[in-house]
Amino acid sequence: MTGKATADSKVDEKRALAQLRRIPLLENVPLDVLQRLAGQVQLVELRRRRVVYLPGDPGQSVFFVVQGRVKISKVSRDGKELTLAYCAAGEIFGELVLAGGQPREEMAETMENALLIEIDRELFESVLQRQGMVGFRLTTILAQRRRKIENKVEALIFKDVTSKLADLLLHLGGEFGIAERRGTLVDHKITHQEMANLIGSTRETVSLTLSQFKRKGLIDTDGRKVILTNHDGLRALA
């Protein structure tokens, strides 16, 4: 190994350590443990709309989002897509491989330019075995995700598109909303197709329903962003 390669390796380890210390799940993990981990993880930089992994890929590692946003989805054989979740900075994804290291069942794709930390499954399992608080926090995260998936399944089965879309808009308003004179601006660019993937519908149906919401005075638009102008009306539909 050349001197430059050694220097580059040390720089990467230093950068990896800095990023590991920012992950909430690893909070309070001893510094020496994180330092050893930093020497064995991979920092992965991907541009927007790049696939992290596909269904059927080997389940060999878990990922943390350092920067950007990653979409987790299921894709049918005929190309239909259902978005399961979005993962933001500090969040773990690909964690299902911890249940035996089976091949991936879902797709992960970057929605923005992203920086990820990739950790070998067996290495991460060793951390879980030795750091009880990390295991406890991960259990809490998985329980919360299980609840969200159950709520999504319930909505897909029992609610119509109008109810699901109204509920989605209220959720987006709560997470990304900025109060302004016209109402709540959803400061988050999301396409009609992405909305459709989130609620199990089609882009055409979402576009039509949004037009109906606008005519009824429930929402307004500002370019590609949505403004919630009547929260009570949306809640009544949801």
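Each reported figure results from applying straightforward, stated rules to the coordinates on display, with no laboratory input. For clarity, every value in this text was computed on a predicted model and none was experimentally measured. No Cβ is skipped: glycine too gets one built from the backbone with ideal geometry, and neighbour counts run over all protein chains shown.
Condition (residue is within 27 Å of residue 196 (Cβ to Cβ), basic (Lys, Arg) and in contact (Cβ under 8 Å) with a residue 40 or more places away in the chain) applied to the stretch 135-149: is it met by at least one residue?
Scanning the stretch 135-149 turns up at least one residue that is within 27 Å of residue 196 (Cβ to Cβ), basic (Lys, Arg) and in contact (Cβ under 8 Å) with a residue 40 or more places away in the chain.
Select from the stretch 31-74 the residues that are part of a loop (DSSP other than H, G, I, E, B) and over 17 Å from the mean Cα position of the chain (by Cα) and list them in ascending order.
Within the stretch 31-74, 39, 40, 41, 56, 57, 58, 59, 60 qualify.
Report, by residue number, each residue of the stretch 14-30 that is over 19 Å from the mean Cα position of the chain (by Cα) and part of a loop (DSSP other than H, G, I, E, B).
Listed by number, the residues that qualify are 21, 27, 28, 29, 30.
Return a yes/no flag: does the stretch 124-131 have any residue that is under 17 Å from the mean Cα position of the chain (by Cα) and surrounded by fewer than 16 Cβ atoms within 10 Å (Cβ to Cβ).
no
Before we move on, is residue 77 part of a helix (DSSP H, G or I) and charged (D, E, K, R)?
Here the answer is no, as residue 77 does not meet what is asked.
Within the stretch 132-159, which residues are over 29 Å from residue 63 (Cβ atoms) and loosely packed, with under 13 Cβ neighbours inside 10 Å?
Passing the criteria: 157, 158.
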